[in-house]
Amino acid sequence: MNYNITVIPGDGIGPEIVAETRKVLNQIGEKFGHNFTYTEILMGGVSIDATGVPLTKEALDTARNSDSVLLGAIGGNVGKSDWYSLPPHLRPEAGLLAIRKGLNLFTNIRPAVLFPELKDASPLREDIIGDGFDFVVMRELTGGLYFGERNTMIENGIRTATDTLTYDENEIKRIAKWAFTIARKRRRKICSVDKANVLDSSRLWRQVTEEVAKDYPDVELSHMLVDNCAMQLVKDPRQFDVILTENMFGDILSDEASMITGSIGMLASASLGDTKLGLYEPSHGSAPDIAGQNKANPIATILSAAMMLRYSFDLEREAEAVESAVKSVLKKGYRTIDIMSKGMTLVGTKEMGDQISSEI
Ligand code: NAD
C-alpha cells in the first residue's frame, strides 16, 4: 500500500528527529511491504524566513491533500532569527494553530506512559508509580479560550484585557465521541475534567459528555474538577485511563502528565479530526538549546509515527512493531542524554534512530 505523508521538519531539533523517524518508517515499509512517500513543507520559523508567514496556503493545501502529516517541532529563536519581534499572528506558533484549524483537527491525544526502564526518571515516589502507568490525555484543540474573542483596552486610564471561553454542544459532542471510541480500545474508563463548580462552559461540557455516554454503556464515565485532577496526577496517576478535557485545561494537564513520566523526549502526540488525516508530532518543542548537536531524543517523534500507523493507516501490527522496537532498545540500555542514567550507553540522535530501525 502507498501512503502519502506530508513532512514538516520545522525548526531547532525538528529536522534531526524527523530524519530518524523517516528512517524507522522506511524500515517498517520494507518489512511489511508498504511504500511511504514524503512531501516536505515549510512551517514555523523556516517558513517565516522563506515566505514571510509561518504557514502558506500552498503548504496547508499540500498537508490537506495527503494521507497524514508528520511534524518535528517549530519555534524558538535559532541562530540570528528574531521571529518573536513579529506580531503574534506571524510568529512560528501561529503556523501550528493555523494547521490545526486548517485541517479541522479538534482532538489532541497525548499518551503518558511510564516505561519500566525509565522509572528512575519520574519525579514521583516509587510507591506512587508502582508498576508504571499508562493513560492518555485527550484535549480539545480548536475551541475554548485560545480561540475566543480577545481584547485589550484602556478604560478610565486602567488597562484591561479580556479573553472569552466559548464551547457549543457540537464541539463537545465530537471530541467526547472520540474519547469513548479510544476508551473502548483501552480500559474503558473516561475521566472528564472541567471546572463545573464555576464555569458555564464546564457545566455544558458535563451535560453533553453525559448525553454522549448513553451510547457507550460499556464505558465508565466520571467527572473531576481540574484543580483536583492536577493534584490526582501526582498523587495517584494509575487511576486514569482516558482524561478528556477542554483546550486550556488540557494544555496544562498534558504538560503535567509529561513531567511525571520523566522525559519530555519520550512523549508522542496525535491530533485528529473527522477523517483519517491526522497530525503527528512529539509533545516537546524545538529545543533550540541542543539543535544541530545530535543530542535530541527522537523517540517521541518515532512513537508519534507509530500512532500515525495506528490511527491514520489502521496498521496495528506495524504500530506495535515500532513500539516494541523502542522498548527493546531501552531494555538494551541505549539512552540519549535526556534519559541517560548510570550504567547505560549514551547515544546521539542518529544512533538512537539506527538502533530502533535495526530492531524492526
Ligand atoms: P522545549 O520542549 O523545546 O525544550 C524544553 C527542554 O527540554 C530543553 O532543555 C530541551 O533541550 C529539552 N528537550 C526537549 N525536547 C527534547 C528531546 N527530544 N530530546 C532531548 N531534550 C529535549 O520547550 P521550550 O524550550 O519551552 O520551547 C522552545 C520552542 O519550542 C519555543 O519557541 C516554543 O514555543 C516551541 N514549542 C513548539 C512546539 C511544537 O512545535 N509543537 C511545542 C512546544 C513548544
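The values are calculated or read from the model by the stated rules, or taken from the named source; none is laboratory data. It should be emphasised that the depicted structure is a prediction, and the values quoted were computed from it without experimental measurement. A quick note on method: Cβ atoms are made from the backbone with ideal geometry, for glycine too, and the neighbour counts reach across all protein chains shown. For the accessible areas, the whole protein counts, side chains as well, though only heavy atoms, and no ligand, DNA or RNA atoms are used. Shrake-Rupley method; radii C 1.70, N 1.55, O 1.52, S 1.80 Å.
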Modelled FRET efficiency - R0 22 Å, Glu126 with Glu351, Cβ distances, 0.05 increments: 0.15
Å² per residue, accessible surface of region 232-360 at 1.4 Å: 37
Amide proton proximity set for His223, modelled H, under 5 Å, gap of 5+: Ser192
Under-5 Å amide H pairs with Lys332, H placed in peptide plane, nonlocal only: none
Mean Cα-pair separation over length for the chain, i.e. relative contact order, pairs under 8 Å, 6 or more apart, %: 22
Candidates per trypsin sites (Lys or Arg not before Pro) in region 267-314, loop by DSSP, up to 14 other Cβ within 10 Å: Lys276
Other-chain or far-sequence residues with amide H under 5 Å of Ala296's (modelled H): Thr349
GluC sites (Glu not before Pro) lying in DSSP loop within region 74-153, provided at most 14 other Cβ fall within 10 Å: Glu149
Three-way shape call for region 219-285 based on the alpha-carbon gyration tensor, with the a/c threshold at 1.5: oblate
Förster radius 22 Å - calculated FRET efficiency between Thr275 and Phe32 (Cβ-Cβ, nearest 0.05): 0.40
Convex hull (Cα only) mean projected area of the chain, reported in nm² to one decimal: 19.3
Descending principal axes extents, region 123-260, alpha-carbon based, whole Å: 58, 39, 23
Antiparallel bridge percentage (DSSP; both residues within the chain; nearest 5): 40
Table column - 3J(HN,Hα) (Hz), region 343-348, Karplus curve with 6.51, -1.76, 1.60, x for Gly and Pro: x, 8, 9, 7, 10, x
Share of carbon and sulfur in the accessible heavy-atom surface of the chain [1.4 Å probe, %]: 51
Integer Hz, Karplus 6.51/-1.76/1.60 couplings in order for region 19-25, x for Gly and Pro: 4, 5, 5, 5, 4, 5, 4
Label-point separation in nm, Asp314 to Glu40, each point 7 Å along Cα→Cβ: 3.3
Contact order normalised by residue count of region 123-260, Cα under 8 Å, 6+ apart, percent: 38
Sparse-neighbourhood loop sites, trypsin sites (Lys or Arg not before Pro) in region 1-103 - DSSP loop, at most 15 other Cβ within 10 angstrom: Lys80
Accessible area in the full protein assembly, largest first, 1.4 Å probe, for Asp354, Asp61, Asp131: Asp131, Asp354, Asp61
Simple spin-label estimate for Thr162 and Ile337 in nanometres, 7 Å along Cα-Cβ: 4.8
Karplus-derived HN-Hα couplings along region 209-217 (A = 6.51, B = -1.76, C = 1.60, θ = phi - 60°), whole Hz, x at Gly and Pro: 5, 4, 5, 5, 4, 4, 7, 10, x
